[in-house]
Each structure stands twice: as structure tokens, then as C-alpha cells.
Amino acid sequence: MARPNVLISGASVAGPALAFWLTRYGWDTTVVERAPAFRTGGQNIDIRGAAREVLRRAGLENTVREATTGEVGTRFIGNEGKIVAEFPAVKSDTEGATAEVEILRGDLARIWVDAGAGQTEYRYGDRITVMRDTGTGVVVSFENGTDQRFDLVVAADGIGSSTRGLVFGEDVTVRPIGMEMTYLTVPRTDSDTDWWRWYNEPGGLGVTLRPDRHGTTRAVLTSITYAGSDSGKPADRRTAEEQKTHLRDQFSGVGWEAPRVLDALAGADDMYFESIGQVHAPTWSVGRVALVGDAAWCASPISGMGTSLAIVGAYVLAGELAAHVDHRDAFAGYDRIMRPYVNQAQKLPPGAPRILNPRTRVGLGALRVGLRIASSRPAKRLGAQMFSPPADNIELPDYTHLEQNAEGVGLPR
Ligand SMILES: Cc1cc2nc3c(=O)[nH]c(=O)nc-3n(C[C@H](O)[C@H](O)[C@H](O)COP(=O)(O)OP(=O)(O)OC[C@H]3O[C@@H](n4cnc5c(N)ncnc54)[C@H](O)[C@@H]3O)c2cc1C
């Protein structure tokens, strides 16, 4: 019997993870990525709860552990660089701002891509332009390639997924959260430590610095957008050069390490920026086209769950496809298992993101007092829980019995 084939759009976390699992279940997998080559950029992301279990089942937990950033916890920095409060990393799958498994997004994506090497075809510098569902398959047109037929197509191309836009229409909404984030790599200096250091200034501005394992430091500039504040067009409509100019204006005069990060903008070739938001989709499939990862349910970086959801979602979608003959049953199972987990992750802590990025000097003072109390010994547990997303609240199905060898024969257990 011919092996089923799938086209996956997006080679970050969800796409390569989905390809990895589907290959294990005997599918032919192709991933198309818009960027001209594998994207190395991105910062520390957390792998929590059930996502850790998926890595174990994939046999990748040790590989991921060897690639972690070594971040030892989170420190909030006040005036003159003084430490206001600190929250050490906790030895738990789920708790704390710094999770036990912190890895750079690019390093994690690379691990999934390498794990499927030789089995999944990766096509860089291309994207889907048209999809025609024939009832028995999907005929796909590419920007740079010839038309091709696939049994299924999955969009794993992030919050702004244009592939999703081709099929899902107005039912999917991207709700802005009122915050912009810019990520870049900066040269490491002697003042850098293995702590995640987080500095705020009134006006909803934030600068954070985090360690990596490549001899550099990862910086993020964040800003809250207020009703009536005129920040021109949103980040996702600016070019990289426009974004740099915008940040130089917005952060001029900001203290602590802001000038150093602004200086690094000129040479930042991996800068990534976004207006953060959440994706709400009443359904994650239309006919033979499905969504996974941020394209389906982006919960935003504030949730601390984006990557964990992508890993778990890819595992469940692949497993359900392997477990059902009819893709409609598979998509229904995928929705049933993932929907409650996603809904929980999308519930952000009360007041987020503004509470951690105050607009006024008074608000900033109150935040610092609150953080000091939360980090004090008696309240430490509460402090860790403040940053603890619902990462374990899913029962992961076991699909091990569906794994196959290259000839499509079930593996002995
Ligand atoms: C370069 C980069 C850096 C990031 N840095 C951070 C970070 O520091 N912190 C954080 O919390 N989150 C970051 N994210 C987002 C984070 O990876 C996701 O929230 C999470 O891991 C879920 O991943 P995903 O695979 O669903 O989507 P994403 O990680 O957003 O990946 C989507 C992929 O699809 C590709 N793509 C987009 N449109 C198309 C198209 N039309 N056709 C083909 N391919 C397309 C993109 O280039 C990207 O590789 C980053 C994402 C990227 C792409």
C-alpha cells in the first residue's frame, strides 16, 4: 500500500516535531519553510510538563538537556543595577519563570530537524500559494515550485500563518495583547551572568538579558502599547530597518543595559520582532488541511507555554492520524485532546502583561515591592507559582504501538 504523504508548512518547532512523529508512523513527510535556510534565531524558551514527556518518548530528552542554556534563575533589576528580587530556577517540570529545561528556540528546532534527518524532505525558500482540496487529496501550488498532490497539508507556520489564511478565513482571530517584543543576540560582556535579568522603566518599557551557550547573550526589548499611544504601524508591519529606527527612538534615554542593546541593533542579523497576540480558532481543520502550534492556538510568549503546546500538539496530531483510517476522525480526536489544554494555557495571569511592565513610576514602585515580597523566603513558593503555567493538565495518549519501521511494519514491543 502507498505510504500517506503530508506537506507541513513551517520549520520551527511544531513543523519538524510533527514530521518526526509522522515519519515514525510510516508517513512520507515534506516541510516547506519560507526562510531561505534553517532559522537559527530566537531566545530561551521553556519546555514544561507534558512536553518533557513527549521528548522522553521521542528519545530526545538527553539531547535537549545537553543543549540547555544553563540559566540559573530570574533577577529583577532596579535603579543603578541593584537586584530587586530573585527567583532561582526550580527543579520541577512546571514551576517558575526559569523552567528546568530552558533552551534556545533555534537549538530546539535544530534538534527536531536533525532527529528526522534523511527521512523528512526540507524545502527552504518557498511557500504555499494555493491549495485545492479535491476530496481525495490537496493539490498545492508553491511560490517557486511545481504543483504537487498531498494527502494532507498542515500549517505550522506561526501566529501570522499565511497558509491558514488561504483556507480558514475570518473564523480565526488573532487578538493583540498590546505588547511588542524584539529579540536579538548581543555580544557577551563581563557584566553578563547566568541569570535572566529583567529591567523595567515607566512607560511600559522592558529590557531583559539572558545567557546562552554560544558565548553571546540574548536580549529582548519589550514595550506595552497603550490605547491612544501613537506607535505608528504595528511591529508585524514594519521592516527590520524600520523596527530598529523605532526602537532607537522608543528606548533612547532608558537606563541600565538599554544603550548596549541599542548599539547592538546595527549588527543584529537574527533580530526577530512581533506584536504579540493570541490565535483563537473554533476549528483546527478544514477538509484535509489542519493547523498546529502557534498557527492554531498561539498563546503568546507571556503564557510560557508556546513551545510546550507546539511539541505536545505535534505529538497528538501525528498520533491521532496514525490511530485513525479517516483523517476526519483523527482531526476530531486531536481537537478533543488538545482543546482543553490549549484553553487553559491561553488564560494569562490576571493583569498580564501590564502588571509586569508598568506605565507609571508609582506602578513600577508597587511592582518592585510586590516582587520583593514574593521572593522573600516565606512567600517563595507562592512566587514560583506566580510564573507556573498549567503544563501538566493533559493526559497524553500512548501511540507507541503504531510506530513502524521503514518498510511500514509495526515495531515489536
Ligand atoms: C526566528 C524565531 C524566533 C523566535 N523567538 C522566540 C523567543 O525568543 N521567545 C519565544 O517565546 N518565542 C519565540 N518564537 C516563537 C516560538 O518559536 C513559538 O511560539 C513556539 O515555539 C511555537 O512554534 P511554532 O513552530 O508553532 O511557530 P514558530 O516558531 O512561529 O515558527 C513558524 C515557522 O514558519 C515559518 N513560516 C512563516 N510563514 C511561512 C509560510 N507562509 N510558509 C512557510 N513557512 C513559513 C517561519 O519562518 C517559522 O520558521 C520565535 C519564532 C521564530 C520563528
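FYI, it's all coordinate maths here, none of it is from the lab. Values in this document were obtained by computation on a predicted structure and should not be read as measured data. FYI the Cβ positions are ideal-geometry reconstructions off the backbone, even for glycines, and counts take in every protein chain you see.
For every other residue with a beta carbon closer than 13 angstrom to the beta carbon of V139, add +1 if it is Lys or Arg and -1 if Asp or Glu, then tell me the sum.
That works out to 0.
Using only the Cα atoms of the chain, each taken as one equal point scatterer with no solvent, compute I(q) by the Debye sum, divide by I(0), and report log10 of the ratio at q = 0.06, 0.07, 0.09, 0.12 Å⁻¹.
At q = 0.06, 0.07, 0.09, 0.12 Å⁻¹ the computed log10 ratios are -0.24, -0.33, -0.55, -0.97.
Could you please report the charge total around Y25, scoring K, R as +1 and D, E as -1 over all other residues with beta-carbon less than 12 angstrom from its beta-carbon?
It works out to a net charge of -1.
Of the residues L166, L152, L209, which exhibits the maximal mean-square fluctuation in a Gaussian network model of the chain defined by a 10 Å Cα contact cut-off?
L166
Helix check for the chain. Which DSSP H runs span at least 24 Å along their own axis by Cα, with a mean Kyte-Doolittle hydropathy no less than 0.0?
306-323
Would you calculate a helix-derived [θ] at 222 nm for the chain, using -39,500 (n - 2.57) for each DSSP H run of n ≥ 4 and dividing by the full residue count, to the nearest 500? Kindly include the intermediate steps, with their values, before the conclusion.
Working: 12 runs with 126 residues, N = 413.
Value at 222 nm, helices only: -9000 deg cm²/dmol.
Cα to Cα, under 14 Å, and not fewer than 8 places away if on the same chain: which aspartates and glutamates meet these conditions relative to K233?
E180, E241, E242, E274
Quote the relative contact order of the chain in percent (integer), defining contacts as alpha-carbon pairs under 8 Å separated by 6+ residues. Before the final figure, lay out the partial values.
Numbers: 864 pairs, mean separation 93.7, N = 413.
Contact order relative to length: 23 percent.
Can you give the local net charge around W195? Use residues other than it whose beta-carbon is closer than 11 angstrom to its beta-carbon, Lys and Arg +1, Asp and Glu -1.
-1
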